[in-house]
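The values are calculated or read from the model by the stated rules, or taken from the named source; none is laboratory data. All values reported here derive from a predicted model rather than from experimental measurement. Cβ placement follows ideal geometry from the backbone for every residue including glycine, while neighbour counts extend to all protein chains displayed.
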Amino acid sequence: MILSPERSLIRTNRFARDLKKVPEGVKHEAYRNATSITQNIFAVELDVRPLTGLKGYYRVVVAKEYRMIFSFDNKHIYLHRIAHRKDIYRNLEL
């Protein structure tokens, strides 16, 4: 798979609602991680992992206790969810 040099970020409505609920420090780290993902999705320091049972969806750790779920294609990275690690996988709506 040939990776484009940089993809654009697209936040879903659900991600925007989730983002309002997280602390300010987590928002800053999420922004930093999201911009890093646009340059290299599978950078070792991001520890990106695929979600089990959901093909094409991935998670990245944000501020140790939070997770961000995203998917991507050749031009875009779609940010789907961000929440505390104990809550994000319950009733996962994508």
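Within the stretch 7-61, being among the hydroxyl-bearing types (Ser, Thr, Tyr) and buried (at least 16 other Cβ atoms within 10 Å of the Cβ) holds for Thr12, Thr38, Tyr57, Tyr58. Scanning the stretch 69-83 for residues that are touching a residue at least 40 places away in the same chain (Cβ under 8 Å) and assigned to a strand (DSSP E or B) yields Phe72, His76, Ile77, Tyr78, Leu79, His80, Arg81, Ile82, Ala83. Exactly one residue among Leu94, Leu79 is under 16 Å from Ala16 (Cα atoms), out of contact with any Asp or Glu (no Cβ under 6 Å at 6 or more places or on another chain) and at pLDDT below 95, and that residue is Leu94.
Please indicate, with yes or no, whether at least one residue in the stretch 35-51 is assigned to a strand (DSSP E or B) and among the hydrophobic types (A, V, I, L, M, F, W, C). Steps first, please.
Of the residues in the stretch 35-51, the ones assigned to a strand (DSSP E or B) are 49-50.
Filter once more, keeping what is among the hydrophobic types (A, V, I, L, M, F, W, C): none.
Checking the stretch 35-51: not a single residue is assigned to a strand (DSSP E or B) and among the hydrophobic types (A, V, I, L, M, F, W, C).
Selection within the stretch 62-79: residues that are touching a strand residue (DSSP E or B) at 6+ places or on another chain (Cβ under 8 Å) and farther than 17 Å from Leu46 by Cα. The member of this set that is surrounded by the most Cβ atoms within 10 Å (Cβ to Cβ) is His76.
Here is a check on your reading of the model: is Leu94 surrounded by 17 or more Cβ atoms within 10 Å (Cβ to Cβ), touching a Phe, Trp or Tyr at 6+ places or on another chain (Cβ under 7 Å) and within 16 Å of Asn13 (Cα to Cα)?
Numbers: surrounded by 17 or more Cβ atoms within 10 Å (Cβ to Cβ): no; touching a Phe, Trp or Tyr at 6+ places or on another chain (Cβ under 7 Å): yes; within 16 Å of Asn13 (Cα to Cα): yes.
No.
Considering only residues that are over 9 Å from the mean Cα position of the chain (by Cα) and assigned to a strand (DSSP E or B), which ones fall in the stretch 53-68? Residue satisfying the conditions is Tyr66 alone.
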